[in-house]
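Working notes, structure below.
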Amino acid sequence: MAQVNWRKQLAKLLYNGDLEGASNLLEGGLRSNPRNMSMKVELGKVQFMQGDIDSARTTFEGALLANPDNAEALKGKGDVLEVFGDYEEAIKAYQMASQRAPKDTENWKALGVLLTKLKKYGQADKCWNALLRIDSKDAEAWYNKGQTLQLLNKYKDAGKCYERAIDAQPDFKEAHGDLVIVLMEQDRLEEALKVAEHAVQMHPKDDTLHRNYGVLLYRLDQHEEALAAFDNALELNSNVVDTWVNKGTVLKAQADLSGALEAFDKALEINPNFTVAKDGRIGVLSDIEAAKPKGFIRRIFGG
């Protein structure tokens, strides 16, 4: 099987989502040519996609026995180790893959994501910097760098990264959403409002953007507009606890206690253990009790 031909066949099978066909193609090819390193590595990738992690591990380890410096096999080994929760060894595998193929962005991304998950933010930031040295217009790298800086509470620097991500990819939904959040964290509410308005116009079907827009409007004391934003979010997804809690909070601030109670109850139907919703409901019930006419019981019983 000529290399070009099997790669074309593999690409077509993967495009069509036919993982079993891809696996059969590669296994057949390896029976004819068991030393074909490229085919062996691709088989490991397919096995990993199939969820057959043990087989993928065996395949990648076999490839590395034959060629310890194969960057793709090292990356595959890292993926397997990460699934098994062997994070430190996964980091080592990703680092080795990055050293062997420093221009391969997938190795740096995998390493950066895992380091972020492990809260090793400083090390993760180095990965995003490495990616940006390869391609300064990599929107995903700018976004990931922003995420790392946001987790370090460096909101101003994070915002600049999100702006760079949006410059590189104007429809980057997550970058818009997180830019709103970091601007709010800096009390730059008017700037956040412009970004949020643009975001919901560009992505009208995203409930998270509508919810964040509502939170911002509430902070700007635009209660009716905030309620409209939360209602838009709920039309798109009525199963998000935070949206119901946010709506309840605004209604309580407007002294619509029955509406607020209904919103907090909706939140608790979704998650009965959600503390903020419980506290909100208790607060509303307290306000309802306080609003009852004083002396009503005493007059009835002659007290």
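Of all the listed residues (Leu132, Leu152, Leu216), the sole one being under 25 Å from Val240 (Cα atoms) and among the hydrophobic types (A, V, I, L, M, F, W, C) is Leu216.
What tally of residues in the stretch 112-124 results from selecting those that are surrounded by fewer than 19 Cβ atoms within 10 Å (Cβ to Cβ) and under 18 Å from the mean Cα position of the chain (by Cα)? Number satisfying all stated conditions: 6. Can you confirm whether Gly21 is at negative phi, out of contact with any Phe, Trp or Tyr (no Cβ under 8 Å at 6 or more places or on another chain) and part of a helix (DSSP H, G or I)? Criteria met by Gly21. When we screen Asp231, Asp207, Asp221, Asp242 for residues that are acidic (Asp, Glu) and more than 29 Å from the chain's Cα centre (by Cα), the only hit is Asp221. You will find that of Gly29, Gly21, Gly76, the residue that is touching a Gly at 6+ places or on another chain (Cβ under 8 Å) and surrounded by 13 or more Cβ atoms within 10 Å (Cβ to Cβ) is Gly76 and no other. For Ser136, the conditions (1) part of a helix (DSSP H, G or I); (2) without any contact (Cβ under 8 Å) to a residue 24 or more places away in the chain; (3) not β-branched (Val, Ile, Thr) are fulfilled apart from (1).
None of the figures in this text is laboratory data; all of them are computed from the coordinates on show. Source: prediction; values computed, not measured. Ideal geometry is used to build each Cβ from the backbone, glycine not excepted, and the neighbour counts take in all protein chains shown.
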